[in-house]
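Inspection log for the structure reproduced underneath, given as structure tokens.
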Amino acid sequence: MADTDEAAIHMPSNDSSAHIDTDLSDETQDFRMLNHLTFLTDGSQGSLPKRGEKDFEPNPTLFQADILSASRQAMHNALAYPRLHHPRNQVIGIYAPDGPAPPPLAQPSKQMDTVLEDNDTQPQQTEDTTATAGDAEPAKVAGMEMGVPAESCVYVSNPKGQYFKTIGRADRWNRVWLLPEEALYLLERGSLDIRWPVSSTGCPGESETADSGIPMSLQAAYACFLGHGGLNMERFSVYTGLRRLGYTLVRAPGWYDDADEGDCSAEDAQVQSRGPGLAGVFGRFMQWLSDSPSCPAAGPLVGLGIHRSYGGPRLASQLMFSRLDDIYRKLSIIPWQDPTAPRSESRPTSPPFRVVFHVYKPSTPFRKSAPPAADFRVAVVNARETAVPTLAQMSALLDSTPLDPPKGPRMDRVLSLRLRQGYRSVILAVVDQGVVSYLRVADSAFGKEKLYKLQGPKPNQKRGPPRPRAKGR
Amino acid sequence: MNTEPNLPIPISHIAGSYFIFSIDAVTYLRREHHICGVLSGTLPQIPQQNVFLGLPLELMAEEARLLVEKGVACIVDEVNVQTDGMKALMEADRQRYLQELQAQGTQVMQMQASRKEQQREEALKKIEEKKAANAAKKKASQPPPPQQPATDSTTRDDESVVGLFAGDQKQQQQQGSDQSSSRRPSTATASHAMGITPATSHSLLPLEPSAKHKLPLPNVPSSYPLFAHLHSEGYFLSPGLRFGCQYLAYPGDPLRFHSHFLVVSTGWHEELDLMEIIAGGRLGTGVKKGFLIGGADETASDHESREADVRTFSIEWAGM
């Protein structure tokens, strides 16, 4: 086993199948590869470029310098490409910094007044800000009444296009309200033109519409939406990264981490008393021994009759197995947790180890009004600020996900697949300055898989599933 | 591409992260200061993939600090710049800005329209040529061979015959261009201008951030001296999460070179677990990189000598 491991490490790329599991987004790609794609001409997207050849180290040749500058030029061109909106399918959103509010026409007296007031008191900024701060609370209430999340900050009056199937919430006035991450994502991909509202700008425009006509730049959008309603760059990186791949994401209840924060210390104390590693297991074992008086370890572990049955030269195999079962059953003295058993007490999760996104595969039929059960649950973790979760944090996180036992004919057949699937699972998205790694953590029930009950090894399953190969350059 | 942006370059500090939105600044910092950052935005031209990403560029706090210490950049509180800037916006500025965008949008629209027209003409031309070639082939080949693959050589042979139809073709082309010229103004008037979402707010807000919006030096992790040391040696550094380390060190621009080292910073008097070194060494060798640990002598008091006192060690799995 050790030999095959080493072989895999020493020649990772010799295998012809090795390139299958290389992920192009793993490393910076040569932007020259983008030149082969034609963007301006039409929307047909060519297939993505193959991995470019890279050199080992710089040398002073002109040849290398030329390639490098061509790469940089290609990168410059690709990044300088503007976000354009053809007038025929331009979707315009209006930024609402104070949260959801009914349209001015519905509440003419109040809304118009505030708009005018804003314009009048424009030079005195202090007054202005207090006014908006006062407005914030009613806006929240209004948002609840309108059936729109209170953190929504952009509304679209002419929602058209496929994105609104999975993004945004409509209010009574047929406007779709977008959460900050949704608005920023749509703007970034060039599908939404967000305008500054008149109330945010200093110039008194025509006060019939809230639209000042000034398109929000990407820079302004980041400034306005990041940090708004719990959105930070780590969460946004995960959101856009998965959206780009076609997944549908919605906020999970765990997004809002103002609740349950007081319980962190209690959990830590619990962990400390249990202790990590082997000592902890041993301690629990000793406790279990003392707790259960009818312990098989107290008496003779293996009965006399069983000894004799071993000695018998030719026993019916059926009988033999049942006797062996008895031995193994008596040997299983280490307690284990059945994930299917109902929990007496559920520990509260602590941020950041709590589910913040529900993720749906592109193939899952999704309705905004009644989202189905999530395909994946994602917790977002900042790699620079967070250590490896404690056992208590991890099990609290897993307990917060629904029971999803392995099922299906393949799962029933293959033991390793069952163990890998687990009974509950959660995905940790670890983010380091824009680089995201996804880890899947599952609650595997080893205790439920009694190996001694299997009918002997199957010859064709000796090798197991292919192990992931070491990759890299 | 070789434009030099105005120094210092403003680095936007938003919700705890550092961003650059100007493409000129991004290329300049990459070319002149070996600062790559991580592109974290969606490329609008191919939005459904994660291989090539676009603006904004997210900088590590270390990168931002390094640039500020070099005097190349300054940290700007972008949220307040935007809100205050918009509040202070004058009507004249607004009009000017909108006209600017309108002009740009019209220009792009015209460019696209003319390109489309060009493509249409090319396509038409191709179709005509094919037609002509087919017709000529039928005429020229008296005893018609049942199926002759139209290779390049045959079409070239037929070119002289195509000449017969040249006049006809020209006429058609003329017609085509007439049509296009009559159509172009109508489309331009019908659909005015492209809407544009600019990447930066530079032409709307004052370019120079006012002093009250400037922020102090970014807080950096304890690995900063090692970062600065490797950077001063000419390495390009990027976040190391993919390989389970702190930084990846590239000998040249990551666009063209593979990384050489997995970098982990340690304290000067920190006791290391031998297992970590073996794990790092094995991992590094497995992905054809060296495992590099290093740190600064904390006993040195002032910043200058601390940077000079960084020591680094490269560890390789010998596999003996």
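Let a ≥ b ≥ c be the square roots of the eigenvalues of the Cα gyration tensor of the range A:392-441; is it rounded (a/c under 1.5), or, if not, prolate (a/b larger than b/c) or oblate?
Oblate shape, in that a/c is at least 1.5 and b/c is the bigger or equal ratio.
Rounded, prolate or oblate: which fits the range B:226-280, taking a ≥ b ≥ c as square roots of the Cα gyration tensor eigenvalues, rounded meaning a/c under 1.5, else prolate when a/b beats b/c? Could the numbers behind the result be given before it?
Working: a/c = 2.86, a/b = 1.62, b/c = 1.77.
Since a/c reaches 1.5 but b/c is at least a/b, the shape of the range B:226-280 is classed as oblate.
May I ask you to evaluate 6.51 cos²θ - 1.76 cosθ + 1.60, the Karplus curve with θ = phi - 60°, for each residue of the range B:26-42 and list the ³J(HN,Hα) values in order in whole Hz, giving x for glycine and proline?
Here the 3J(HN,Hα) series is 4, 5, 5, 5, 5, 6, 9, 10, 6, 9, 9, x, 10, 6, 10, x, 7 Hz.
Explain nothing, just compute: Karplus ³J(HN,Hα) = 6.51 cos²θ - 1.76 cosθ + 1.60, θ = phi - 60°, for every residue of the range A:329-336 in order, whole Hz, x for Gly and Pro.
4, 6, 6, 7, 9, 7, x, 9
Per residue, what volume in Å³ does the convex hull of the Cα atoms of the range B:221-320 enclose? Can you show the working numbers first?
Working: hull volume 9.9 nm³, N = 100.
That works out to 99 Å³ per residue.
Using the number of other C-beta atoms within 10 angstrom as an exposure proxy, rank B:W268, A:W177 with the fewest first.
B:W268, A:W177
Under the rule a/c < 1.5 gives rounded, and otherwise a/b versus b/c splits prolate from oblate, where does the range A:165-204 land using the Cα gyration tensor?
Note, shape of the range A:165-204 comes out oblate.
Do me a favour and compute the ellipsoid semi-axes for the range A:352-458 from its Cα gyration tensor, root of five times each eigenvalue, largest one first, whole Å.
28, 20, 12
So for the range B:187-298: antiparallel DSSP bridges make up what percent, rounded to the nearest 5?
That works out to approximately 60 percent antiparallel.
List, in the order given, every pair from B:K87/B:K214; A:K407/A:K450; A:K330/A:K453; A:K160/B:K116; A:K165/B:K116; A:K54/B:K70 whose Cα-Cα distance in the structure shown is over 20 Å.
Distance filter (> 20 Å) returns A:K160/B:K116; A:K165/B:K116; A:K54/B:K70.
If each residue's Cβ is checked for other Cβ atoms within 10 Å, how do B:T3, A:T201 rank with the fewest at the top?
The order, fewest Cβ neighbours first, is B:T3, A:T201.
Going by how many other Cβ atoms sit within 10 Å of their own, how do A:F366, A:F446, B:F313 line up, fewest first?
Values: A:F366 16, A:F446 9, B:F313 12.
Listing A:F366, A:F446, B:F313 from fewest to most nearby Cβ atoms yields A:F446, B:F313, A:F366.
If packing is taken as the average number of other Cβ atoms within 10 Å across a peptide's residues, how do A:244-254, B:14-24, B:86-96 rank, most packed first?
B:14-24, A:244-254, B:86-96
Quick note: the coordinates plus some simple rules give every number you see, no bench work behind them. Since this is a predicted model, take the numbers as computed values, not measurements. Neighbour counts run over all protein chains shown; Cβ positions are idealised from the backbone, glycine included.
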